[in-house]
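Participant: My questions all concern the structure below.
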Amino acid sequence: MTARPPTPRPQPEPRSAYKVFRAIATRWEDNDVYGHVNNVVYYSWFDTAVNGYLIEQGALDIHQGATIGLVIETQCNYFAPLAFPQAVEAGLRVAHVGTSSVRYEVGIFAAGQEQAAACGHFIHVYVDAVTRRPVPLPEPLKHTLETLR
């Protein structure tokens, strides 16, 4: 059996790697017993940042829309701790657009910091809200995704 070469360790990215930023308020309950934001909270921030942006841009209607995005994959690398009451910003970009899927990449930054405290991604597959079967990306969504590329 041959050994695999080591995978390069992920590195924090700069603000310039992202297209749009959204402010995120930390909450008292975000901190864990170790005194920093718990790892699972970052995934909530990813969802909040991306979906909030899509809603504001008119590309997602969570109440009446015929199409919804379901997360099928997610991942995060952590580089520096964050803690309540620190102000946080999420940088957004789109890495890949398929027929019915999108890979969003998110950098989580302490407000005013140049390097990300965490970087991650998640993939949405867009489906019919009733049948839950994949559908082509709606035109308003495709247009909004261009602003994140």
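Please treat every number below as a calculation from the coordinates, not as lab data. Note that this is a predicted model, so its numbers are computed, not measured. Because the Cβ atoms are built from the backbone with ideal geometry, glycine has one as well, and the counts that use them run over all protein chains shown.
Participant: Can you tell me the relative contact order of region 15-146? Whole percent, Cα pairs under 8 Å, sequence separation 6 or more.
Facilitator: 29
Participant: Check which residues have an amide H placed less than 5 Å from HIS96's amide H, if you skip close sequence neighbours.
Facilitator: For HIS96, whose amide H was placed from the backbone, the distant partners under 5 Å are ARG103.
Participant: Could you please report the charge total around ALA49, scoring K, R as +1 and D, E as -1 over all other residues with beta-carbon less than 13 angstrom from its beta-carbon?
Facilitator: Working: positive: LYS19, ARG22, ARG93; negative: ASP47, GLU56, GLU89, GLU105.
With Lys, Arg at +1 and Asp, Glu at -1, the net is -1.
Participant: So if R0 is 30 Å, what FRET efficiency would ALA25 and THR147 give, r being the distance between their Cβ atoms, rounded to the nearest 0.05?
Facilitator: In this case the efficiency is close to 0.80.
Participant: Next question, about the same structure. How much net charge surrounds VAL94 when only other residues with a Cβ under 9 Å from its Cβ are counted (Lys, Arg +1; Asp, Glu -1)?
Facilitator: Neighbourhood net charge equals +2.
Participant: Sorting CYS76, CYS119 on the 10 Å Cβ count, fewest up front, what's the list?
Facilitator: So the residues, fewest neighbours to most, are CYS76, CYS119.
Participant: Sort 83-93, 100-110 for me by packing, meaning the mean count of neighbouring Cβ atoms within 10 Å per residue, highest on top.
Facilitator: Final packing ranking: 100-110, 83-93.
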